[in-house]
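Structure record follows, encoded as structure tokens.
The values are calculated or read from the model by the stated rules, or taken from the named source; none is laboratory data. None of the values given here were measured: they were computed from a predicted structure. Positions of Cβ are backbone-derived with ideal geometry, glycine not excepted, and every protein chain shown enters the neighbour counts.
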Amino acid sequence: MHLMELPREVLLGENLKDKVGEVAKRLKLGERVLILYGPKTKEIAGREVRHHLKESFDVHSLTIKKASMKEVGKTVEKIKNENVQWIVAVGGGSIIDVAKLASFKSDISFISFPTTASHDGIASANASIKDLNAKTSIKAKPPIAVIADVKVIKTAPYRYLAAGVGDMISNLTAVKDWQLAHKLKGEYYSEYAASLSLMSAKMVIKNADIIRLGNEESVRKVIKGLISSGVAMSIAGSSRPASGAEHLFSHALDLIAPKPALHGEQCGVGTIIMAYLHGLKWQKIRETLKKVNAPTNAYELGIDPEYIIEALTIAHTIRPERYTILGKDGLTREAAEKAAKITGVI
């Protein structure tokens, strides 16, 4: 049996802070709601969302500092104690990931209200929690609704939007890895999920000149792509359509680099290298990332080249069960250095 869980509503527009209640009523989610936000996202949109919800709902709130199992536990406890029926997560990836896992553990629905467009977790079923060995993702369930307020997302630094492009462009190599695992290991492969994922990547390549402007239209383009990328993962029943060797490289950097860059930035740079290994047109990927002012090398990531090489040699150990272009033995130091130098990453 193959179960596909998808968001039931996606709202994309401006001034949507007062729409959460309407969506919850339409979806009959119940009266007792828990709103999760971070210290910053509370000010950006959380306080206002809470204010509008208070008119018709019994509202409880919790401030989340980071995506950790401790914060997930705290949220689950609050849900139990206050008899909460649904959650709304107002924030970036960390807040949404905590809501995702806490709602899954508590068997209630959650609404995603992103404040940045930096990665495809805003609509996917997978949660990245930092103290889960090597910050790989854990299967939870997707949001029942996504409410993306373009004006709110536009207030985030442009860097986050460019990171969203990096996360989406990585679908190109993720799908190649998936096809490889299907051919060599007989792994389940969904052509529909793969096509949807590739469509997101191709869309950002095509619209790079619009995205680089950093205006409302740019945000719309990136959000649409991130949502369809998240939906592709839900259709596949795994993160396969949007997470391959380039994501393993990013997770490896998170482990070893003293100061890692944003997830989408690292994935974008990883995509350049993995595209080279796959024999794809890596120059076009690099060109798109440059166009939207996303990092394309170690210097722009703010990471020492030594860590780039090390991350490439250990990436295959992050999720040994996931077959990618790196194979089961990974890259030698020489091969890693060669690939990084040829692509201009170091």
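Overview of results
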item	result
Filter result (of a type in the set (Lys, Arg) and exposed (fewer than 14 other Cβ atoms within 10 Å of the Cβ)) within the stretch 44-69	Lys54, Lys65
Qualifying positions in the stretch 229-256 - surrounded by fewer than 21 Cβ atoms within 10 Å (Cβ to Cβ) and either within 15 Å of Ile169 (Cβ to Cβ) or modelled with pLDDT of 95 or more (or both)	Ile256
Qualifying positions in the stretch 76-91 - of a type outside the set (S, T, N, Q), closer than 14 Å to Phe104 by Cα and in a loop (DSSP other than H, G, I, E, B)	Val84
Test set (1) over 17 Å from Asn171 (Cβ atoms); (2) in contact with a Lys or Arg (Cβ under 7 Å, 6 or more places away or on another chain) - Ala208 fails condition number	(1)
Some residue of the stretch 274-284 being modelled with pLDDT of 95 or more and under 22 Å from Ala257 (Cα atoms)	yes
Filter result for the condition that a residue is touching a residue at least 12 places away in the same chain (Cβ under 8 Å), more than 21 Å from Ala294 (Cβ to Cβ), of a type in the set (Gly, Ala, Ser) and assigned to a helix (DSSP H, G or I), over Ser234, Ser200, Ser195, Ser238	Ser234
Selection count where residues are over 26 Å from Ser103 (Cα atoms), of a type in the set (D, E, K, R) and buried (at least 24 other Cβ atoms within 10 Å of the Cβ), scope the stretch 139-165	0
Some residue of the stretch 156-171 being over 23 Å from Asn293 (Cα atoms) and either among the hydrophobic types (A, V, I, L, M, F, W, C) or in contact (Cβ under 8 Å) with a residue 24 or more places away in the chain (or both)	no
Ile227 being part of a helix (DSSP H, G or I) and under 20 Å from Pro114 (Cβ atoms)	yes
Filter result (under 17 Å from the mean Cα position of the chain (by Cα), assigned to a helix (DSSP H, G or I) and not β-branched (Val, Ile, Thr)) within the stretch 163-185	Ala163, Gly164, Gly166, Asp167, Met168, Asn171, Leu172, Ala174
Qualifying residue in the stretch 46-56 (condition: outside any helix (DSSP H, G or I) and closer than 29 Å to Ser218 by Cα)	no
Filter pass, Tyr160 being at pLDDT 95 or above, outside any helix (DSSP H, G or I) and not charged (D, E, K, R)	no
Test: Asn207 is over 20 Å from Ala67 (Cα atoms), surrounded by fewer than 24 Cβ atoms within 10 Å (Cβ to Cβ) and either assigned by TED's automatic domain parsing to the domain that holds Leu262 or under 17 Å from the mean Cα position of the chain (by Cα) (or both)	yes
Number of positions in the stretch 10-39 that are part of a helix (DSSP H, G or I) and touching a residue at least 24 places away in the same chain (Cβ under 8 Å)	6
Ser68 in contact (Cβ under 8 Å) with a residue 40 or more places away in the chain and hydroxyl-bearing (Ser, Thr, Tyr)	yes
The stretch 304-346 - residue that is of a type in the set (Lys, Arg) and part of a loop (DSSP other than H, G, I, E, B) and, of those, surrounded by the most Cβ atoms within 10 Å (Cβ to Cβ)	Arg322
The stretch 251-270, residues that are over 12 Å from the mean Cα position of the chain (by Cα), assigned to a loop (DSSP other than H, G, I, E, B) and closer than 12 Å to Ala162 by Cβ	Ala261
